[in-house]
Amino acid sequence: MIVKKYKKFICAVLSLSILLSTMACGKKDIVVDEYGDTSYTQTASSDSDKNATDTDALLATHGSGKTLQEILGKKVEFTEDFAVNGAYLKSNASYQVPDIPYLNVYNMELLDDGKADEDKIVKAVFGGSAKKLEELSYTNSTDYITHMYKYKEIMNTHDNRAADEDYYYNQELFIIDSSFNEKLKWRDDKDIYIHMYEGDFNEMKYGLILAYDYITKQRYIFLDPVSVNTYFPSSDYRTLVFKDKMQYGGNDKDIENSCKMTRDEVVSKASDFLENHFNLGMDLNKISTDSETYISNRGMNISNYIFSGSEKDSEEMTQLLFTNEDIITAIRSYLMNGGGVGYQMLAEQENLYKEYLDEQASKSSETSYDKSLDRFIMEEGLDEEVDFEANGYAVYLGSCVSSEVDESGKSIYFVGSGDRPSRNNGVIKVTDKGIYGADIVLVETPVDVVEDVGIMSFDKIIECMKEQLPEKLDLNKMGNPAPSSLELMYMELLYMSYTGEETDDNAKEFTYIPVWFFLISPPGGVLSYTYVYVNAMDGELLEVETHSENS
C-alpha cells in the first residue's frame with residue numbers, strides 16, 4: 001500500500017469512515033447485498049437480505065434504526081492501558097461522532113483502462129488539430145514543463161508500487177531545468193501506458209496526457225497549456241499555488257481575484273468541461289469546492305507545510321495564485337501562512353533547496369534533520385515579500401460515493417487499502433479566460449449501496465481489537481530495539497475499501513465498509529507508526545500496517 005509519512009497520513013485520515021455489528025469478533029458468515037448492474041442503485045439492508053450473496057462472506061446485518069450518535073454517543077473515548085506482546089500500551093484518544101442517520105456498505109467496481117474513450121477524448125479536446133507526441137523532453141524554460149512533471153509523477157508512483165515498496169517523500173525537491181536530459185517516451189508497456197498529444201484548445205496550444213497504471217489501477221487525464229506564457233503572454237509566471245482562504249488572520253483576503261465568476265458559475269463550467277471533453281458521466285462527474293478530499297488523496301506537499309492554526313473559510317473557493325518567484329520563495333511568503341492546497345512549477349526556476357543541500361554536504365555537523373526540506377523552508381522565516389496575482393479558482397473532482405455531512409461539517413470519510421490506494425480525485429483550474437487545465441485521477445465507479453447496516457458497540461470493538469492485536473502486531477518492525485512502551489494516539493471512524501482475504505489480482509469488484517482506525521506509535525516522537533483497522537460491523541482486525549524508518 002502506498003502511504004505517506006505521519007503528517008501526510010493524518011491529513012488523509014481526517015477524511016475517512018466506519019460501521020458495526022453485535023456478532024463475535026471477526027465472524028464472517030453472512031454477506032453484503034449482491035452486486036447489481038452498472039447503474040448506481042440503493043438497497044436498504046433488512047432481515048431478509050442477511051443471507052443475500054457472497055462477497056467473501058462479509059457480514060452486514062440490518063441496522064437498529066437508531067442514528068449513529070444514538071448508538072455510539074456524541075463522543076467516544078479510549079483511555080484504557082493494556083499490555084500487548086510485552087509492551088505497555090497507553091491509550092488516550094477520543095472521537096467526535098458525526099450526527100448522521102446510519103452507516104452503509106458501498107459495492108464498487110474498478111474502472112477500465114480508458115482506451116475505449118481515448119479517441120473520443122482527444123477529438124473532444126483538440127478537434128482535428130490533435131497530434132501524437134512520441135516523446136517529451138526539455139526544449140526551453142516553459143514548454144511542456146508541467147507535462148513532464150506529471151509524466152514523472154505517474155512513473156514514480158508506478159515504479160514504487162511495482163517494486164512493492166512503501167513510497168515516502170524522498171526529501172528532495174525535483175526541479176526540471178536545462179540539465180534535465182531524459183526523453184519521456186510514449187509508452188505501451190504491459191503494466192502501464194502513457195499516451196501524449198498536443199493540439200489547439202481555447203485557441204491556444206495545449207498538451208494532453210492519457211495514462212493507465214495496471215498495477216495501481218489508476219487512470220490519469222492531464223490537460224495543461226504547452227506554455228504558461230502562451231496563456232498569459234504578458235507575464236513571466238513560474239509558479240502556481242492553490243490556496244484556500246482562512247477564516248481569520250493572514251493577508252490573503254487583500255488579493256483581488258481577476259476572475260469574477262460566482263461559485264455556481266465555476267462549478268458549472270468545470271462540470272460541463274468534464275462531461276463534454278473528458279467524457280465523464282453523472283456517476284463520475286462530481287465537482288466539489290472542498291479541498292480536503294483532494295489533499296487526502298494526493299497527500300501532503302510542501303505548500304501544506306505552513307499551518308497557521310486557523311480553519312479555512314468554507315464559503316470561499318480555492319484561489320489560483322500566480323507568481324514570478326520559485327516555489328520555495330512563494331511558500332515562504334507571509335501570504336502563505338495557512339491555506340496551501342497544492343502547487344505547480346510552471347517554468348524552469350532556481351533550485352534553492354539543491355543549493356542548500358550542496359552547502360550542507362560540506363559541513364561535518366550535518367544531520368538528517370538539517371537536510372530536511374521542511375527545515376529548509378522554515379529556517380529563513382516566513383515573511384518573504386512575494387507578489388501574487390490571483391486569477392481564477394481551483395475546484396475538485398469529488399468521489400462518486402460520499403458520506404452524509406452533519407450540520408457541523410463532520411462526516412465519515414473514505415480511505416483505500418491494499419491495491420485500492422486512492423479514490424477518484426482531481427483539480428480543475430478555471431480563470432477569467434475559462435478552463436486553464438485539469439489533472440484528474442479515476443479509479444472507481446459505484447454499483448450499489450446497502451443502507452443502514454448494523455455496527456458493534458465501541459466497547460465491543462475495543463474488546464475485539466485487544467483480543468486480536470497480539471497476533472498481528474510485530475514490535476520488531478517498530479524499532480530496533482523493539483519498543484517497550486506504546487501510545488494509542490488517534491482514532492477515527494472511516495470507510496475502507498475491502499476486497500476479502502483471498503483476492504484475485506484481476507478482480508474488479510470491491511466494497512467500502514465501515515472500520516475503526518487506530519494510530520499507535522512509540523512515545524517520544526520516534527518515526528514509527530502503526531495503523532490498525534477494525535471492521536466496525538463484526539470486530540475483525542483487518543489490517544495492521546507498520547511504517548518505520550528502521551524497517
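Tallying residues that are in a strand (DSSP E or B), among the charged types (D, E, K, R) and under 28 Å from the mean Cα position of the chain (by Cα) within region 199-220 yields 2. Among all positions in region 251-259, there is no residue which is among the β-branched types (Val, Ile, Thr) and at pLDDT 95 or above. Scanning region 403-444 for residues that are crowded, with 22+ Cβ neighbours inside 10 Å, in a loop (DSSP other than H, G, I, E, B) and aliphatic (A, V, I, L, M) returns Ile412, Val443.
Residues that are at pLDDT below 80 and either of a type in the set (S, T, N, Q) or touching a Leu at 6+ places or on another chain (Cβ under 6 Å) (or both) were ranked within region 265-305; the one that is farthest from Asn337 (Cα to Cα) is Asn297. For region 270-290, check the following and say yes or no: at least one residue is over 21 Å from Met148 (Cβ atoms), of a type in the set (Gly, Ala, Ser), outside any loop (DSSP other than H, G, I, E, B) and in contact with a helix residue (DSSP H, G or I) (Cβ under 6 Å, 6 or more places away or on another chain). So far as region 270-290 goes, no, none of its residues is over 21 Å from Met148 (Cβ atoms), of a type in the set (Gly, Ala, Ser), outside any loop (DSSP other than H, G, I, E, B) and in contact with a helix residue (DSSP H, G or I) (Cβ under 6 Å, 6 or more places away or on another chain).
When the test is whether a residue is assigned by the TED database to the domain that holds Asp387, surrounded by 19 or more Cβ atoms within 10 Å (Cβ to Cβ) and farther than 20 Å from Gly128 by Cα, Ile209 does not pass it. Which of the residues spanning region 306-320 are more than 20 Å from Asp224 (Cα to Cα) and at pLDDT 90 or above? Met317 - this is the single residue of region 306-320 that is more than 20 Å from Asp224 (Cα to Cα) and at pLDDT 90 or above. For Val84, are the conditions met, namely being of a type in the set (Val, Ile, Thr) and under 29 Å from the mean Cα position of the chain (by Cα)? Against the criterion (of a type in the set (Val, Ile, Thr) and under 29 Å from the mean Cα position of the chain (by Cα)), Val84 does not qualify. Filtering region 321-338 for residues that are surrounded by 21 or more Cβ atoms within 10 Å (Cβ to Cβ), more than 27 Å from Thr142 (Cβ to Cβ), at pLDDT below 90 and not charged (D, E, K, R) leaves a non-empty set. Ala482 is checked against (1) in contact with a Phe, Trp or Tyr (Cβ under 7 Å, 6 or more places away or on another chain); (2) farther than 26 Å from Ile100 by Cβ and fails just one. What number does that condition carry? For Ala482, the failing item is (1).
The sole residue among Val453, Val443, Val515, Val544 that is β-branched (Val, Ile, Thr), touching a residue at least 40 places away in the same chain (Cβ under 8 Å) and touching a helix residue (DSSP H, G or I) at 6+ places or on another chain (Cβ under 6 Å) is Val544. The selection criterion, being surrounded by 18 or more Cβ atoms within 10 Å (Cβ to Cβ), touching a helix residue (DSSP H, G or I) at 6+ places or on another chain (Cβ under 6 Å), touching a residue at least 60 places away in the same chain (Cβ under 8 Å) and of a type in the set (A, V, I, L, M), holds for Met300.
The values are calculated or read from the model by the stated rules, or taken from the named source; none is laboratory data. Please read these numbers as outputs of a predicted model, since none were measured by experiment. So basically every Cβ, Gly included, is an ideal-geometry build from the backbone, and we count neighbours across all protein chains shown.
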